[in-house]
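The values are calculated or read from the model by the stated rules, or taken from the named source; none is laboratory data. Being a predicted model, the structure only gives us computed values, none of them experimental. Cβ placement follows ideal geometry from the backbone for every residue including glycine, while neighbour counts extend to all protein chains displayed. In case anyone asks, the SASA skips ligands and DNA or RNA and just uses the protein heavy atoms, side chains included. Shrake-Rupley method; radii C 1.70, N 1.55, O 1.52, S 1.80 Å.
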Amino acid sequence: MGQRIFTAQERSSVCARWFCGSSRPLTLQVCDPSGREIIHFRRPLKCTSCCFPCCLQEMEVQSPPGNTIGYVTQTWHPFVPKYSLLTETREPVLKVVGPCLMSSCCGDINFQVKPLCESRSVGLISKQWGGLPKEIFTDADNFGIQFPKDLGVKMKAVLLGACFLLDYVFFERSRSKTERQTVIS
């Protein structure tokens with residue numbers, strides 16, 4: 001409806017942005033319209049190469065800040081981006097599965113939210129096509145999230161964290177690289 005519900009602000013060092021690019025460690029503060037922080041995301045420095053499955057991407061979700069409610073962790077796969085949504089005790093609840101190729105030629109890029117068995121889609125994270133000028137000349141992106149009907153509020157916050165992590169891993173351009181096109185970087 002066009003109403004601003006939350007704002008997100010990244011906190012990271014200049015050195016991390018300069019030397020690590022889109023792989024940088026960071027924290028994100030999500031605040032309500034009054035400026036009160038309601039969700040805190042923490043992303044540690046991790047390797048982005050598929051050759052190192054022991055050091056995969058991860059994001060911790062806290063709400064209120066200081067109280068961990070879940071995690072988003074990358075699951076190793078050579079061709080398809082896969083992420084697990086975990087509870088605060090690291091028990092898996094859902095998976096996020098992306099396409100093999102990240103081609104956004106005039107269309108959305110969809111990441112399916114699936115149950116652990118991956119039998120069907122129960123939700124969606126979609127990087128929405130912004131138009132040719134926006135896609136070529138800016139690093140701005142629009143995302144849409146469709147939550148499963150019966151998903152609790154904590155896992156909705158973790159799914160929001162997955163959206164931010166996907167943006168950093170696949171769609172943020174670094175100084176020397178073009179937009180990532182596949183899982184293999």
At pLDDT 90 or above, in a strand (DSSP E or B) and hydrophobic (A, V, I, L, M, F, W, C), is that true of Phe164? no
Could you tell me which of the residues Ile109, Ile125 is touching a residue at least 12 places away in the same chain (Cβ under 8 Å) and closer than 17 Å to Thr75 by Cβ? Ile125
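Residues being assigned to a helix (DSSP H, G or I) and of a type in the set (D, E, K, R): count how many of those fall in region 1-33. It would help to see each step written out before you state the result.
Step one: list which residues in region 1-33 are assigned to a helix (DSSP H, G or I), which gives 14-23.
Now narrow it down to the ones that are of a type in the set (D, E, K, R): 17.
Within region 1-33, residues that are assigned to a helix (DSSP H, G or I) and of a type in the set (D, E, K, R) number 1.
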If we scan region 125-132, do we find a residue that is open to solvent by 40 Å² or more (accessible area, probe 1.4 Å) and more than 25 Å from Gln29 (Cα to Cα)? yes
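Look through region 114-157, keep the residues that are at pLDDT below 80 and of a type in the set (Val, Ile, Thr), and return whichever of them is nearest to the chain's Cα centre (by Cα).
So in region 114-157, the residues at pLDDT below 80 come out as 130-140.
Checking the rest, the ones that are also of a type in the set (Val, Ile, Thr) come to 136, 138.
Numbers: Ile136: 21, Thr138: 19 Å.
The residue in question is Thr138.
Can you confirm whether region 29-47 contains a residue that is open to solvent by 60 Å² or more (accessible area, probe 1.4 Å), in contact with a helix residue (DSSP H, G or I) (Cβ under 9 Å, 6 or more places away or on another chain), modelled with pLDDT under 95 and under 22 Å from Lys82 (Cα atoms)?
yes
Look at Gln74 and say whether it is under 16 Å from the mean Cα position of the chain (by Cα) and either surrounded by 13 or more Cβ atoms within 10 Å (Cβ to Cβ) or at pLDDT below 90 (or both).
Details: under 16 Å from the mean Cα position of the chain (by Cα): yes; either surrounded by 13 or more Cβ atoms within 10 Å (Cβ to Cβ) or at pLDDT below 90 (or both): yes.
Criteria met by Gln74.
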